[in-house]
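Engineer: Pasting a structure below so you can have a look.
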């Protein structure tokens, strides 16, 4: 499995477990199409700070059926991202710069049911400080890079069974 897609089993399980709005911080060739395909009946908001990536994502999403409720937003800095305006069922944190992920994890506490953290084993993202403040945590280590889920609302005991016995080997590659 491509290292930029190792969060797929966890993200799909979280999408299947919930029904409300989805927030993606940092779009990409892997997660954004997945969210578009598996969230047809719910609001998905992708926020991107990189102008080139934003343009690519807008071009990609322009080909989606009109029934898809997927908004792509550009911000100059993730500190300006309009993420406080509603409660999110699922949030994917997979954006750059690296240190912004830990900051936004704390910013989203109490505003989301499930927060999916890609690359969660890498200390550069600053996840650990934020993760320790959540009531529940699940670490999926079968695929590398790892993916974690934190929640204050959901005990996450359902997550391993919903992910299933994923045993795909990850490939080495460039950072996502």
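Engineer: What number of residues in region 70-108 are farther than 14 Å from residue 26 by Cβ and touching a helix residue (DSSP H, G or I) at 6+ places or on another chain (Cβ under 6 Å)?
Structural biologist: 3
Engineer: While we're on this one: What about residue 113, is it in contact (Cβ under 8 Å) with a residue 40 or more places away in the chain, in contact with a strand residue (DSSP E or B) (Cβ under 9 Å, 6 or more places away or on another chain), surrounded by 15 or more Cβ atoms within 10 Å (Cβ to Cβ) and in a helix (DSSP H, G or I)?
Structural biologist: Details: in contact (Cβ under 8 Å) with a residue 40 or more places away in the chain: yes; in contact with a strand residue (DSSP E or B) (Cβ under 9 Å, 6 or more places away or on another chain): yes; surrounded by 15 or more Cβ atoms within 10 Å (Cβ to Cβ): yes; in a helix (DSSP H, G or I): no.
Taking the combined requirement at face value, the residue does not satisfy it.
Here's the yes/no breakdown for (1) at pLDDT below 90; (2) within 21 Å of residue 87 (Cβ to Cβ):
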{"residue": "25", "(1), (2)": "no, yes"}
{"residue": "29", "(1), (2)": "yes, no"}
{"residue": "33", "(1), (2)": "yes, no"}
{"residue": "36", "(1), (2)": "yes, no"}
{"residue": "42", "(1), (2)": "no, yes"}
{"residue": "45", "(1), (2)": "no, yes"}
{"residue": "49", "(1), (2)": "no, no"}
{"residue": "52", "(1), (2)": "no, no"}
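Per-residue answers, yes or no, for (1) touching a strand residue (DSSP E or B) at 6+ places or on another chain (Cβ under 8 Å); (2) within 21 Å of residue 150 (Cβ to Cβ); (3) crowded, with 20+ Cβ neighbours inside 10 Å:
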{"residue": "18", "(1), (2), (3)": "yes, yes, no"}
{"residue": "26", "(1), (2), (3)": "yes, yes, yes"}
{"residue": "51", "(1), (2), (3)": "yes, no, no"}
{"residue": "69", "(1), (2), (3)": "yes, no, no"}
{"residue": "89", "(1), (2), (3)": "yes, yes, yes"}
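Engineer: Residue check: is residue 84 surrounded by fewer than 17 Cβ atoms within 10 Å (Cβ to Cβ), farther than 27 Å from residue 140 by Cα and in contact (Cβ under 8 Å) with a residue 12 or more places away in the chain? Give the steps one after another, and end with the answer.
Structural biologist: Values: surrounded by fewer than 17 Cβ atoms within 10 Å (Cβ to Cβ): yes; farther than 27 Å from residue 140 by Cα: yes; in contact (Cβ under 8 Å) with a residue 12 or more places away in the chain: yes.
Spelling it out, residue 84 is indeed surrounded by fewer than 17 Cβ atoms within 10 Å (Cβ to Cβ), farther than 27 Å from residue 140 by Cα and in contact (Cβ under 8 Å) with a residue 12 or more places away in the chain.
To keep it simple, each residue is scored yes or no on (1) within 19 Å of residue 23 (Cβ to Cβ); (2) under 16 Å from the mean Cα position of the chain (by Cα); (3) modelled with pLDDT of 95 or more.
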position	(1), (2), (3)
61	yes, no, no
64	yes, no, no
70	yes, yes, no
88	yes, yes, yes
104	yes, yes, yes
109	yes, yes, yes
114	yes, yes, yes
120	yes, yes, yes
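Engineer: Quick test for you: out of 141, 129, pick the one residue that is over 14 Å from the mean Cα position of the chain (by Cα) and either closer than 14 Å to residue 92 by Cα or modelled with pLDDT under 95 (or both).
Structural biologist: On inspection, the qualifying residue turns out to be 129.
Engineer: What tally of residues in region 2-23 results from selecting those that are farther than 23 Å from residue 81 by Cα, part of a loop (DSSP other than H, G, I, E, B) and in contact with a helix residue (DSSP H, G or I) (Cβ under 8 Å, 6 or more places away or on another chain)?
Structural biologist: Residues that pass the stated criteria total 0.
Engineer: Quick one: which residue in 5, 37, 79, 98 is surrounded by fewer than 16 Cβ atoms within 10 Å (Cβ to Cβ) and under 17 Å from residue 145 (Cα atoms)?
Structural biologist: 98
The values are calculated or read from the model by the stated rules, or taken from the named source; none is laboratory data. As the structure is a prediction and not an experimental result, all values here were calculated from the model. Using ideal geometry, Cβ is built from the backbone for each residue, glycine included, and neighbour counts are taken over all protein chains shown.
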